[in-house]
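Step one of this worksheet: look at the structure below.
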Amino acid sequence: MNFKRTVMAVLAGLIALCSSAQGVISVDSKASVLPDGNVELLLTVSLEPGWYMYSTVPVSGGPMATSFTADESSAFTLSGGLQDVEEAHVKLDEGFGIDVKYFEGTAQFRQVIVPATQETFTVTGYLEYQTCNGAECTLNESEVSIKVDPSAAPSADSAKGSKAGGQGFWSFLLIAFLAGLAGVITPCVFPMIPMTVGFLIGGGSTRRAGVLKGVIFGLSIMVIYTLLGLIVALFQSTAATDAIGTHWIPNLIFALLFLVFAVSFLGAFEITLPSGLANKADREADKGGYVAAFFVALAMVIVSFSCTGPFVGSILAAAVLDGVALRPIVGMAVFGLGFSLPFVVLSFFPGVMKKLPKSGGWLNMVKVVFAYIMLAFAMKFLYNIDAYFGWGIITRLGFIAVWVVLALLLGLYFLGVFRTSHDSPSEGIGWGRHIAAIVCITFAFYLIPGLFGAPLQSISGLIPPMDGSTLTISSGNNAAGAGDNTAASGYSTIKSYTNLEEALAESKAAGKPVFIAFKSHTCSVCKQMEATVLSSAAVMEKLSADFVIANLYVDDKTEDPEFRTLGRRYRDFEMKQFASASQPLYAVVDSEGKTLSGPIGSCSEEEFMAFLNF
């Protein structure tokens with residue numbers, strides 16, 4: 001026994017001395033000056049075969065996203081958060097029940113910094129990430145130290161790094177463009193098309209002058225929206241970009257924005273900007289000429305705000321939550337392009353207006369559809385707030401149930417089963433409404449199996465992960481499901497401790513050994529073990545009768561005076577006593593902390609029972 005403990009102590013010392021991350025061959029770093037004078041830090045992680053790590057994109061209820069924390073320095077400031085250089089692989093993670101983004105072989109990340117001096121300085125910090133191999137996971141911190149010379153010539157390789165901000169960039173721009181086009185068919189904008197185009201081509205001007213005014217009008221729309229994006233980008237806090245996607249404040253703002261506009265679209269009230277702005281723009285537009293095209297554009301933006309506001313808010317929300325300062329600017333520019341393009345095209349070819357559908361009740365239907373969509377996505381932001389505080393109010397079951405109801409109501413609305421108070425009377429239902437109703441009701445029926453545990457893979461990134469709140473049709477040994485770290489632990493009805501000292505004190509008082517589970521909130525393999533082995537009736541009965549339970553989270557952010565966080569303390573304890581840094585890891589100790597059985601990692605139920613029956 002002494003020999004075994006000596007060997008384990010030596011191994012633990014070697015682990016602590018080498019500080020090597022499990023599953024990682026090396027972590028390399030370099031710095032290069034970008035053409036704009038900023039500096040790009042390129043971090044390259046080489047992984048062992050069979051191991052993988054997660055991307056920098058955070059997913060609510062999912063694995064730990066890779067992040068970079070720099071030590072405080074007056075020589076530079078961070079610009080945005082850490083970003084993936086290459087496109088990550090995507091797969092359904094059975095432990096979380098959602099799609100996750102990961103890298104195998106080699107993973108590259110970039111961090112842009114803004115130098116405050118042209119003198120050479122050193123950036124120090126650490127890269128925090130999680131590696132897994134399907135059987136175990138481990139949280140890792142790799143120290144980073146990079147010498148930076150801001151006066152060096154821009155690197156030829158910096159072009160590759162600049163593509164990092166383009167992960168999903170083109171899809172983001174496409175959505176922004178389509179949102180701009182969608183804004184044109186809202187009730188606030190569509191009826192104004194003939195009047196606006198008439199101004200652009202009227203007034204006795206030549207065709208060339210009309211085309212030029214149309215171009216000025218389109219460019220003015222783009223400039224106005226781009227300025228709005230610029231304001232958002234300037235006030236975006238670069239210090240908060242790493243956490244802004246999951247922080248409760250921005251999520252609350254966007255949730256309220258979506259809810260208010262949804263209620264407005266349903267006819268409760270109308271949101272307008274101060275009328276003085278529109279009146280002033282109208283007076284300038286009445287003066288005519290090319291300059292007037294700009295004020296017509298300004299008036300259009302102002303008076304259409306009550307309908308385009310949700311689109312603008314959505315684009316800015318997506319841009320800000322992404323953490324890239326350039327996205328609000330480019331996103332708004334592309335939105336303005338999509339919004340103004342129909343007006344510009346019609347000013348080139350005014351005859352096309354005769355083929356446009358006339359304004360009518362269908363425009364109000366567009367508002368109602370947008371209202372239901374905004375209500376659905378408001379739930380996503382509300383869930384992020386709930387997940388941030390860990391309240392557990394918005395469960396997966398409740399979330400999906402709301403979406404089912406919204407989809408069914410929208411389908412019934414298309415079928416004319418009910419109307420809103422400001423809908424126009426309708427004598428019949430056209431083929432378009434029939435198809436829209438079929439799509440909505442089909443989507444509702446697609447969601448219903450999610451209430452009973454179906455993964456709903458195609459939309460798993462939009463809905464909460466498995467949390468044990470699903471309805472149970474039939475009982476079984478694994479009824480606990482693959483949920484969160486309390487309900488899905490397999491012994492949710494057993495009293496457990498997250499503080500080791502309290503568990504040891506209870507062990508001494510009760511005369512029972514302590515069952516220790518080293519895990520993390522972001523460990524996929526831990527959740528799989530809890531959903532299968534630890535949730536079996538035999539294991540639960542054994543743990544309940546013979547052990548004091550201690551769930552030690554190695555990612556616990558509770559402050560600790562010696563190790564900075566409680567999670568770091570438990571990671572250090574795991575390495576020193578059990579010569580391992582992986583999760584899940586299970587061990588049995590007595591009331592003095594001496595090892596009685598284990599450690600053991602991911603295993604079968606038979607092996608786990610043998611471990612408990614030491």
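The values are calculated or read from the model by the stated rules, or taken from the named source; none is laboratory data. Please read all numbers here as calculations on a predicted model, not as lab measurements. Heads up, the Cβs are rebuilt from the backbone with ideal geometry, glycines too, and the neighbour counts pull from every protein chain shown.
From the list Phe547, Phe563, exactly one residue is among the aromatic types (Phe, Trp, Tyr) and in contact with a Phe, Trp or Tyr (Cβ under 7 Å, 6 or more places away or on another chain). Which is it?
Result: Phe547 is the single residue among Phe547, Phe563 that is among the aromatic types (Phe, Trp, Tyr) and in contact with a Phe, Trp or Tyr (Cβ under 7 Å, 6 or more places away or on another chain).
For region 26-47, how many residues meet the condition of being modelled with pLDDT of 80 or more and either closer than 18 Å to Val554 by Cβ or charged (D, E, K, R) (or both)?
3
Please enumerate the residues belonging to region 27-43 that are among the charged types (D, E, K, R) and surrounded by fewer than 20 Cβ atoms within 10 Å (Cβ to Cβ).
Step one: of region 27-43, the residues among the charged types (D, E, K, R) are 28, 30, 36, 40.
Correct list: Asp28, Lys30, Asp36.
Answer yes or no: is there a residue in region 462-472 that is surrounded by 14 or more Cβ atoms within 10 Å (Cβ to Cβ), at pLDDT below 70 and of a type in the set (Ser, Thr, Tyr).
Within region 462-472, one or more residues are surrounded by 14 or more Cβ atoms within 10 Å (Cβ to Cβ), at pLDDT below 70 and of a type in the set (Ser, Thr, Tyr).
Which of the residues spanning region 137-172 are at pLDDT 80 or above and either among the charged types (D, E, K, R) or farther than 17 Å from Phe121 by Cα (or both)?
Matches in region 137-172: Cys137, Thr138, Leu139, Asn140, Glu141, Ser142, Glu143, Lys147, Asp149.
Considering only region 584-594, I want to know if a residue exists there that is in the same structural domain as Lys519 (by TED's automatic domain parsing), outside any loop (DSSP other than H, G, I, E, B) and acidic (Asp, Glu).
Initial filter on region 584-594 (in the same structural domain as Lys519 (by TED's automatic domain parsing)): 584-594.
With outside any loop (DSSP other than H, G, I, E, B) added as a condition, the list becomes 585-589.
Imposing the further condition that a residue be acidic (Asp, Glu) reduces the set to none.
Checking region 584-594: not a single residue is in the same structural domain as Lys519 (by TED's automatic domain parsing), outside any loop (DSSP other than H, G, I, E, B) and acidic (Asp, Glu).
Could you list, in sequence order, all residues of region 561-614 that are closer than 24 Å to Ala505 by Cβ and of a type in the set (Ser, Thr, Tyr)?
Those that are closer than 24 Å to Ala505 by Cβ and of a type in the set (Ser, Thr, Tyr): Thr565, Tyr570, Tyr586, Ser591, Thr595, Ser597.
If you check Thr122 against the conditions, is it surrounded by fewer than 19 Cβ atoms within 10 Å (Cβ to Cβ), in a strand (DSSP E or B) and at pLDDT 85 or above?
Yes; evaluated as a whole, the condition is true for this residue.
All but one of (1) at pLDDT below 80; (2) part of a helix (DSSP H, G or I); (3) buried (at least 20 other Cβ atoms within 10 Å of the Cβ); (4) of a type outside the set (A, V, I, L, M, F, W, C) hold for Arg208; state the number of the condition that does not hold.
For Arg208, the exception is condition (3).
Hey, can you tell me all the residues within region 545-583 that are part of a loop (DSSP other than H, G, I, E, B), of a type outside the set (Asp, Glu) and touching a residue at least 12 places away in the same chain (Cβ under 8 Å)? Outline the logic, then answer.
At the first step, the residues of region 545-583 found to be part of a loop (DSSP other than H, G, I, E, B) are 547, 554-558, 561-563, 579-582.
Subset that is of a type outside the set (Asp, Glu): 547, 554, 557-558, 561, 563, 579-582.
Of everything in region 545-583, those that are part of a loop (DSSP other than H, G, I, E, B), of a type outside the set (Asp, Glu) and touching a residue at least 12 places away in the same chain (Cβ under 8 Å) turn out to be Phe547, Val554, Ala579, Ser580, Ala581, Ser582.
Can you tell me which residue is surrounded by the fewest Cβ atoms within 10 Å (Cβ to Cβ) among those in region 293-322 that are hydroxyl-bearing (Ser, Thr, Tyr) and modelled with pLDDT of 65 or more?
It comes out as Ser304.
With Gly81, Gly23, Gly13, Gly50 as the choices, which residue is closer than 24 Å to Glu143 by Cβ, modelled with pLDDT of 80 or more and not charged (D, E, K, R)? Outline the logic, then answer.
On the way: Gly23 fails: modelled with pLDDT of 80 or more; Gly13 fails: modelled with pLDDT of 80 or more; Gly50 fails: closer than 24 Å to Glu143 by Cβ.
It is Gly81.
Among the listed residues Glu574, Glu607, identify the single one that is more than 30 Å from the chain's Cα centre (by Cα) and closer than 25 Å to Asn140 by Cβ.
Numbers: Glu607 fails: closer than 25 Å to Asn140 by Cβ.
Residue meeting the stated conditions: Glu574.
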